[in-house]
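Please read the structure below before turning to the comments.
The values are calculated or read from the model by the stated rules, or taken from the named source; none is laboratory data. Note that the structure is predicted; figures quoted are calculated from it, not measured. Neighbour counts are summed over all protein chains in view; Cβ atoms, including those assigned to glycine, are modelled from backbone coordinates with ideal geometry.
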Amino acid sequence: MTARPLFPTQEIGSLAKPRWQLLGQRSEPLDVAAREEFRLSAERTHFADDLPEDRDALLGGRARAVDPERVRDLGALFAIRFLESAGLDRVYDGEARRIEMYEFPIRQMRGFRFQGHVRSFDNKYYLKAAVVDELRLERPYHVDEFDFVKRYARAEPKLPITGPYTLADWSFNEYYLARQKGWKGRGARRAAQREFVVDLARRALRPTIQALIEHGCRVIQIDEPAAGTHPDEADLVVEGFNAATEGLDAEFSMHICYSDYRDLLPTILEAKRCRQWAWEFANRDIDGHDGYEVLGALREYGDDREVGLGVLDVHRDAVESPELVADRIRRAVRYLGDPRRIWVNPDCGLRTRSLGIARAKLEAMVRGAALARSEFEGAAH
């Protein structure tokens, strides 16, 4: 196996779906803009070369001839090649088959009842559920999704999966609370939430992760965006992570976005099998405030794990310069002390940015990592 370069780059979440994919999934003919978008992407990345019949049918105005699942295959291929052509060392499919990160996994389990739609921060909607009965997994999920990525990816594949704490936090907890005896006060609610998180981890996440590993998945990112909203429950995040990964052999990371990480420390460090903290920093790196200063806390606590370093602000269209990316990496090295601990990534998924902006940001990130690499490798010699 080829040794990884210093400051390897990776994706961290979802991409916006191209217009041609959205139309094709509904069996609607591609309009002029969608056809042009498809052609330009195909010329640049050659993503459609592996599915030429579906490509020709979509471009030929025969969208009804292409099964929606085959359109999703094309969407996944596009995202894989998009990320690879930007120069990333570790990729997924931009979550091309996923509507969002909550509803799909919940639909793979029994014991839930959907209550209605709620809106996420970027004006996407999903159905929120209540757990009303004993939780049981119907079947491991994301397995076919990963098999497709593994088959086609040329860079190292990874898989993001929503963590048990976030699935519990974003659900109504009726079943476990009803099992608590007496007054349903704060203590009872916390005990009910703990039982819910651990059941999700052991009954749903762990068998799913085990199945993924059996299919050759070696790098698994557990997403816990809810962790930062309740820092007093960091112990539940840890307990869920540990229960989901217990005894499993893979390279696990924990992605927590938009948090004051000091509020989670040192409790979050008890996540035993977590090899990498995939966190956001660029979002808070502004004039007068060093967004990377919090990394010094890891050193203070003696934590020497890898860091997935967020160097791109995914909430703004402004494209970071390679020099700014290199400066952010340089500061992170100063706080952490060891450049070999750093992977470079956006703060979070780029789905709220246009594909053009996303590409420009990713290319700047890759160039910035190369600048920092030449600097630190040169110093080593």
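Worth pointing out:
- Among the residues here, V314 qualifies as in contact with a strand residue (DSSP E or B) (Cβ under 9 Å, 6 or more places away or on another chain) and farther than 16 Å from A372 by Cβ.
- Index of the failed condition, V118 passing every other in (1) of a type in the set (V, I, T); (2) in contact (Cβ under 8 Å) with a residue 24 or more places away in the chain; (3) surrounded by fewer than 22 Cβ atoms within 10 Å (Cβ to Cβ): (2)
- Candidates R340, R359: the one that is surrounded by fewer than 18 Cβ atoms within 10 Å (Cβ to Cβ) and in contact (Cβ under 8 Å) with a residue 60 or more places away in the chain is R340.
- Helices (runs of 4 or more DSSP H) fully within the stretch 196-314 that include at least 2 residues being farther than 20 Å from E145 by Cα and touching a Ser or Thr at 6+ places or on another chain (Cβ under 8 Å): 234-245.
- Meets criteria (assigned to a helix (DSSP H, G or I), charged (D, E, K, R) and surrounded by 18 or more Cβ atoms within 10 Å (Cβ to Cβ)) for R328: yes
- Of all residues in the stretch 41-65, those being under 26 Å from K124 (Cβ atoms) and not hydroxyl-bearing (S, T, Y) number 3.
- Scanning the stretch 1-50 for residues that are free of Cβ contacts under 8 Å to residues at least 40 places away in the same chain and under 30 Å from W277 (Cβ atoms) yields M1, T2, A3.
- Within the stretch 52-93, the residues that satisfy the criterion of being small (G, A, S) and either farther than 15 Å from R19 by Cα or part of a helix (DSSP H, G or I) (or both) are A57, G60, A63, A65, G75, A76, A79, S85, A86, G87.
Here is a yes/no grid of residues against (1) on the phi > 0 side of the Ramachandran plot; (2) at pLDDT 95 or above; (3) of a type outside the set (A, V, I, L, M):
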position	(1), (2), (3)
L77	no, yes, no
Y92	no, yes, yes
G111	yes, yes, yes
A129	no, yes, no
V132	no, yes, no
K150	no, yes, yes
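- The stretch 215-245, residues that are charged (D, E, K, R), within 19 Å of the chain's Cα centre (by Cα) and more than 15 Å from A271 (Cβ to Cβ): R218
- If the condition is being part of a strand (DSSP E or B) and among the hydrophobic types (A, V, I, L, M, F, W, C), then the stretch 110-154 contributes F112, F114, V118, L127, A129, A130, V131, V132, L135, L137.
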